[in-house]
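I have placed the structure first, in the form of structure tokens, so that the comments after it can refer back to it.
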Amino acid sequence: MNVARLAVRPSAVARTVEAAYSRAGLQPSDSSLPSVSSHVHRLPAHLSSRCSPFSTSAPAFCAKTDPSSPASANADQSNTPNSDRYSSALRQNKEWAAQTAREHPDLFPTLATGQQPQILWLGCSDSRCPETTLLGLKPGDVFVHRNIANIMHPGDLSSGAVIEYAVQHLRVNHVVVCGHTFCGGVAAAMGNKQLGILDPWLLPLRLVRERNLALLQSLSEEEAALKLVELNVREGLDVVKQKGAVLNAIQERGLQVHGLIYDVASGVLRELDTQDSEETIKSRLTAFAVRD
Amino acid sequence: MDPAAPADSCETSHDVHKSLETIFKNNREWALDKARADPVFFEKLADGQAPNYLYIGCSDSRVPANEIMGLEAGEVFVHRNIANLVPNLDLNVMSVINYAVRHLHVKHIIVCGHYNCGGVKAALTPADLGILNPWLRNIRDVYRLHEKELDQIADESARYNRLIELNVEESCRNVIKTAAFQQSYLEHGYPMVHGLVFDLRDGLLKDLKFDFEGTLEDVKKIYSLS
């Protein structure tokens, strides 16, 4: 991971926008561009005043809030009207279905009979982290839950139901908690902006921040964000391993639980060393193991 | 999801280890391929995300969001839970919608269900599924809201398929009831909300042609937050 890349580089943003224009066959000054950018400037003051709170994932967002920047047109990356872009996704689905059926004639008939995924993926909603794609796997391989900043709340029914179903009913062999570099949720938790409904969601991240305040304050802003990404994955793993279904599956059939970090800047996954000490395992079992 | 057919694990620990190695190998190959095809692919991603779509779909392994829509990394923000639900009290999905609409300014919200959904099937089954019960209760409520229509469908699998579609529409309706959606739509004219169903037998997406503007009008009287 290259922490230096956490910094926003306007030149690179401009390059991306140029590429978007060129894909659409347009010059940046083309007046036929949809006027979406004129709307997105009317943001609440706390959002438009600066790039934060989601700064590490928000260069494009920042650009949108800056009317003087040519990147503001990035709010709508091509000359395609919104509905046409949706239609194009539907068209791409037809192409994908035809191609997949050609390359793997047995795949769809098999999928229709049921799923037997080996992996449960608990990751971030971030568009840059598509699990099945970056794992080089196919439909049917990975059961997936993705939320803001891959946070595992102990009482969250949504992720709780996913974990229960995947471990107990589908009997997956691996549970993966995957964080990633440039995580906007982590950046927000490193800042102190009020974010409405997102605040209670990000609370576990702030708790981790509080518990590791001295360590995080001793690091540069970029290194601290990266550290919090890692600590958040470790915290998520703890929550996963406190669930009765997971503990039982580890004991009874060798279910493995992994912590990964995905580097958005290189596309590469890295596994964290998450080996627990004998003592940790013992206390966890004593406190959390539940049976019928 | 198919609760009737749980996967039977017969892997040895050696196989398990091997399958994880394969994943890291696959990942490196994918990253190399991408970088070869477009040397600045990851550099651009590292500069930030500006996805046009928010996809709310099922956790089912057979319905991977990017693949079925032919979209690349960076193009679609993704939330997946059991049976693509959007429950009012679920902080998880509400945070995703809030972030995608207010901070990423997505232009389309796609709720995608799929036929053969185990979550919907489980909700039609009279069984105590422990902590899954409260989650699946939402689907039973969708049945109750459309009881008349569903009860008139004699064929069981046709009734099941229709409930899957109605469940998608209900999730779309729940998206429309959020303040984030309402404010953004009134101010900017987006995001648009779409309901899709994925068919596992042929890999095709069916557009339910969800009338989100009409629905917005309908729910306004009671649910308007703007």
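Since every read-out is calculated from the coordinates, none of them should be taken as a lab result. Computed from a prediction, not measured in an experiment: that's the story for all the values here. Here the Cβ is made from the backbone with ideal geometry for all residues, glycine too, and neighbour counts use every protein chain on show.
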Report summary line: Excluding residues fewer than 8 positions from residue A:282 in its own chain, the lysines with Cα under 25 Å of it are A:241, A:243
Report task. Quantify how strongly other chains surround peptide A:142-152 by giving the mean number of their Cβ atoms within 10 Å of each of its Cβ atoms. Result -> 6
Query raised in the report: If you put +1 on each Lys and Arg Cβ and -1 on each Asp and Glu Cβ, how big is the dipole of the range A:200-272 around its Cα centre, in Debye rounded to 20?
Result: 300 debye
Query - Unit charges at the beta carbon, dipole of the range A:115-288: most positive-side option, A:194, A:135, A:158 - result: A:158
Report task. Report the relative contact order of chain B, percent, no decimals, based on alpha-carbon pairs under 8 angstrom and at least 6 residues apart. Result -> 21 percent
Query raised in the report: In the structure displayed, which of A:94/B:25; A:94/B:44; B:107/B:209; B:44/B:177 lie more than 26 Å apart, Cα to Cα?
Result: A:94/B:25; A:94/B:44; B:44/B:177
Requested in this report: Mind checking the range A:192-292 for trypsin sites (Lys or Arg not before Pro) that DSSP puts in a loop (not H, G, I, E or B) and that have at most 15 other Cβ atoms within 10 Å?
Outcome: A:193, A:291
Requested in this report: Between residue B:152 and residue A:287, with labels modelled 7 Å along Cα→Cβ, what's the label distance in nm to one decimal, could you check?
Outcome: 5.6 nm
Query raised in the report: How far apart, in nm, are the 7 Å Cα→Cβ label points at residue B:38 and residue A:242?
Result: 4.1 nm
Query raised in the report: Ranked by Cβ crowding within 10 angstrom, fewest neighbours first, how are A:266, B:95 ordered?
Result: A:266, B:95
Report task. Considering only B:118, B:70, B:57, give the residue with the highest GNM mean-square fluctuation for chain B, with springs between Cα atoms whenever their separation is below 10 Å. Result -> B:70
Query raised in the report: So what is the 222 nm mean residue ellipticity for chain B from helices alone, if each DSSP H run of at least 4 adds -39500 (n - 2.57) and you divide by all residues, rounding to the nearest 500 deg cm²/dmol?
Result: -15000 deg cm²/dmol
Query raised in the report: How much length is gained if the chain between residue B:145 and residue B:24 is pulled fully straight, taking 0.36 nm per residue apart and subtracting their Cα-Cα distance, in nm to one decimal?
Result: 38.9 nm
Report summary line: Taking r as the C-beta separation of residue B:217 and residue A:192 and R0 as 56 Å, the FRET efficiency to the nearest 0.05 is 0.90
Query raised in the report: Fully extended, how many nm does the chain gain between residue A:253 and residue A:210 (0.36 nm per residue separation, minus their Cα-Cα distance)?
Result: 11.9 nm
Report task. Starting from the Cα gyration tensor of the range B:49-223, take the square roots of the eigenvalues, sort them a ≥ b ≥ c, and report rounded, prolate or oblate (rounded when a/c is under 1.5, otherwise prolate if a/b is larger than b/c, else oblate). Result -> prolate
Query raised in the report: How many nm is it between the label spots at residue B:131 and residue B:202, if each spot is 7 Å from the Cα in line with the beta carbon?
Result: 4.0 nm
Query raised in the report: Where does the longest stretch of chain B lie that holds no trypsin sites (Lys or Arg not before Pro) found in a DSSP loop with 16 or fewer other Cβ atoms within 10 Å?
Result: B:1-200
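Calculate the FRET efficiency for residue A:217 and residue B:224 from the Cβ-Cβ distance with a Förster distance of 41 Å, rounded to the nearest 0.05.
For R0 = 41 Å, the calculated efficiency reads 0.40.
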